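Below is one structure; the comments refer to it alone.
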Amino acid sequence: MPALLLLTGPFAGRRYDVVSQLTLGRSPSCDIPLEDDQVSRRHAQLFLDPVAGQVRLRDLGSTNGTLLNGQRLALQEEAVLRPGDRMRVGATIAVFEPPPVSIVDEPSGVSSASEPGHVPIEEVLPHVGAAAAMYSAGTALLGATSEAMVLRRLAEETVHALNADRSAALLSGPEGLRTAAVSGAASVEVPRALVQAALERKELGRTDTALCSPLVASGGLPFGVLYVEREESPFTEGEGQLLASLGRLGGEAYTAVRSRGEAEATDVPWVTPLGTSRGFRGLLEEARRAASSVAPVVLHGEPGTGKALLARFLHGRSPRALGPWVMVECRQPLEAVEVALFGRAGAAGQPPVTSAVLRADAGTLLLRHVEALPRAAAERLARMLARRAAPARQGGEEPVDVRVVATCAAPVSRLASRSEFDAALARGLTGFELEVPPLRERRGDVPVLLEFFALRAARQSGREAPVLGPEARRLLADYPWPQNVRELELVAERLGRVYAAGQVGIAQLPPEIREGSVGHAPRTLPEQVARLERDLIAEALRESGGKKVRAAELLGISRPTLDRKMVEYELTLERGPRG
């Protein structure tokens, strides 16, 4: 049955099945009552169309509107919901889920050879022996969220599994072994012969009272050791096998957490691209069409226009939305790019790195600044994409299904024609090409973006966004934004943090914005002072509603001085609304 999962708001985490219809609103009579001042009494409705088998969303004439994937629905407009669609009502964000796979009963009259049995899962799980030890260790390691946690839990589980006195997980490096985690003692001393057997020959080392196994993941060399001591009785052969298994399991868990951390460190956050200008709405529509395809997508445009964010939006709207999202920054040095794209076998002190192409199997691989990809790496990547294969952890290759999205300063076909890009990779990226416009070509989106970024920054400190004065708003709208959305985001976040819940006039804006435009700003000191003085007087006149006495008080000057300055700067009096 299709359902709506609430991600934020007063009922975050709740799931509502769409049986026939669901009404959202502030009224207690609604199916999903939301105590939110931004929500109308009957705000929006989801209803199931039994004929078409679709779930539709309709705005019920709300005051603040209903957003679907960042776009506001028109009054009484109906939109068909697709898996992964996100809707927003006030402070509540929800995601639409598709109907799950149904589990049906056997048809009546059909008998089976035996009646199904029912056993509590607690009775099925192992409680003693090696199987119980591996189950306990596997559960603990799967729940680890950092490399240090993996090693700490591995040492603890080893002590329990082998009924040992103490255990340690140690990592190797150029300076030698370093203790990463110890259980059962403050420190341990590991015999050098056991360490050499584990690290150099990939062997299980043993004495009467100690065992030492390599920490290793598939496709690599040992990068550490797992050591255990027990004084009362010698270790058995079965216990040696168990330690070797724990060393391998710990090596895989450590490598997986490390790879996941590297991927998350360079991730692009999930934010729906903002903009209401006609050109930007057209771009989003093109992105939606491209999302439903399996063809590669190249997003090109000036730096800072939001190409990576649009790529993330495209992935979230595609059938691969629930699959992996992997990003590779192609401006890194050659060695780093090759390790990220193609992986690396493990070595002393270096756990193996899984290929980004392999990690992106059944998902999307984003190549940021693909024009900077070194030629050797581009040629190898083109061959892999043509074969639909990726380097396997155990060596060789294995088949993958990866959708490639790339960002670039210019169309790759144009760069390839000028011999500035590998021709084979350019052919491999042939598909959709979307041009992301610079901010100066979508000036109508500047106020929306400013409000969003400033509010987000202000609310991080629990305050409201600043209020922009008319002159400040005009200058921000007229500024050419040479660094595009990235520059606007930085300016808006600074205003949101420094002037939260306050007023922002011309004096609070950065100098380059106060000067109006790059390359045409006043150069001499008298020119800059005159420009600033004129803007401050204009701002004061607006704040005072055109009352000169009040404006002079705000500026700290006399009324005659104000009159003289207004004539000097050719300022006319525009009376605002009276308060």
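The values are calculated or read from the model by the stated rules, or taken from the named source; none is laboratory data. Remember, it's a predicted structure, so these values are computed and weren't measured experimentally. Neighbour counts run over all protein chains shown; Cβ positions are idealised from the backbone, glycine included. These accessible areas exclude ligands, DNA and RNA; they are computed on the full protein's heavy atoms, side chains included. Shrake-Rupley method; radii C 1.70, N 1.55, O 1.52, S 1.80 Å.
Residue 440 passes every criterion in (1) over 30 Å from residue 482 (Cβ atoms); (2) surrounded by fewer than 16 Cβ atoms within 10 Å (Cβ to Cβ) apart from (1).
Might you check whether a residue that is farther than 16 Å from residue 88 by Cα, open to solvent by 80 Å² or more (accessible area, probe 1.4 Å), among the polar types (S, T, N, Q) and outside any loop (DSSP other than H, G, I, E, B) occurs anywhere in the range 29-36? No: the range 29-36 contains no residue that is farther than 16 Å from residue 88 by Cα, open to solvent by 80 Å² or more (accessible area, probe 1.4 Å), among the polar types (S, T, N, Q) and outside any loop (DSSP other than H, G, I, E, B). Scan the range 152-179 for residues that are crowded, with 18+ Cβ neighbours inside 10 Å and more than 26 Å from residue 232 (Cβ to Cβ) and the total you get is 3.
When the range 184-220 is limited to residues that are of a type in the set (Ser, Thr, Tyr) and surrounded by fewer than 18 Cβ atoms within 10 Å (Cβ to Cβ), the one that is modelled with the lowest pLDDT turns out to be 218. Just one of the listed residues (499, 479) is open to solvent by less than 10 Å² (accessible area, probe 1.4 Å) and of a type in the set (Ser, Thr, Tyr), and it is 479. Residue check: residue 305 meets all listed conditions (1) touching a helix residue (DSSP H, G or I) at 6+ places or on another chain (Cβ under 9 Å); (2) modelled with pLDDT under 90; (3) surrounded by fewer than 18 Cβ atoms within 10 Å (Cβ to Cβ) but one, namely (3). Candidates are the residues of the range 465-505 that are at pLDDT below 85 and acidic (Asp, Glu); the one that is nearest to residue 305 (Cα to Cα) is 478. Of all residues in the range 464-485, those that are of a type in the set (S, T, N, Q) have Cβ atoms under 9 Å from Cβ atoms of residues that are open to solvent by 20 Å² or more (accessible area, probe 1.4 Å), 6 or more apart or on another chain, in 483/302; 483/303; 483/490; 484/302; 484/303; 484/306; 484/440. Pairs meeting the criteria (first residue in the range 424-450 and in a helix (DSSP H, G or I), second residue surrounded by fewer than 20 Cβ atoms within 10 Å (Cβ to Cβ) and of a type in the set (D, E, K, R), beta carbons under 7 Å, at least 6 apart or on different chains) are 424/379. Look at the range 122-144 and say how many of its residues are free of Cβ contacts under 8 Å to residues at least 40 places away in the same chain, of a type outside the set (A, V, I, L, M) and either part of a helix (DSSP H, G or I) or surrounded by 15 or more Cβ atoms within 10 Å (Cβ to Cβ) (or both). Matching residues across the range 122-144 total 6.
Kindly indicate whether residue 453 is out of contact with any His (no Cβ under 8 Å at 6 or more places or on another chain) and either free of Cβ contacts under 8 Å to residues at least 60 places away in the same chain or buried (at least 21 other Cβ atoms within 10 Å of the Cβ) (or both). Yes. Taking the conditions exactly as written (assigned by the TED database to the domain that holds residue 321, buried (at least 17 other Cβ atoms within 10 Å of the Cβ) and not aliphatic (A, V, I, L, M)), does residue 398 satisfy them or not? Against the criterion (assigned by the TED database to the domain that holds residue 321, buried (at least 17 other Cβ atoms within 10 Å of the Cβ) and not aliphatic (A, V, I, L, M)), residue 398 does not qualify. Scanning the range 271-289 for residues that are in a helix (DSSP H, G or I) and in contact with a Leu (Cβ under 6 Å, 6 or more places away or on another chain), we see that the one that is nearest to residue 365 (Cα to Cα) is 287. When 382, 406, 377 are checked against the criterion of being assigned to a strand (DSSP E or B) and either within 27 Å of the chain's Cα centre (by Cα) or modelled with pLDDT of 90 or more (or both), a single residue qualifies: 406. Inside the range 537-565, residues that are over 22 Å from residue 508 (Cα atoms) and in a helix (DSSP H, G or I) make up a count of 7. Looking only at residues in the range 15-28 that are open to solvent by 20 Å² or more (accessible area, probe 1.4 Å) and touching a residue at least 12 places away in the same chain (Cβ under 8 Å), which one is farthest from the chain's Cα centre (by Cα)? Per the criteria, the residue is 20. Filter the range 308-337 for residues that are more than 17 Å from the chain's Cα centre (by Cα) and modelled with pLDDT of 90 or more; which is farthest from residue 480 (Cα to Cα)? Ranking the candidates gives 337 first. Whenever a residue of the range 153-177 is within 22 Å of residue 196 (Cα to Cα), its partners that are polar (S, T, N, Q) and open to solvent by 30 Å² or more (accessible area, probe 1.4 Å), lying with C-beta atoms within less than 7 angstrom and at least six residues away or across chains, give the pairs 168/179; 170/179.
Evaluating residue 415 against the criteria (1) surrounded by fewer than 20 Cβ atoms within 10 Å (Cβ to Cβ); (2) farther than 17 Å from residue 372 by Cα; (3) of a type in the set (A, V, I, L, M) leaves one unmet condition, (2). Of the residues 382, 336, 360, 340, the single one that is of a type in the set (A, V, I, L, M, F, W, C) and open to solvent by less than 10 Å² (accessible area, probe 1.4 Å) is 360.
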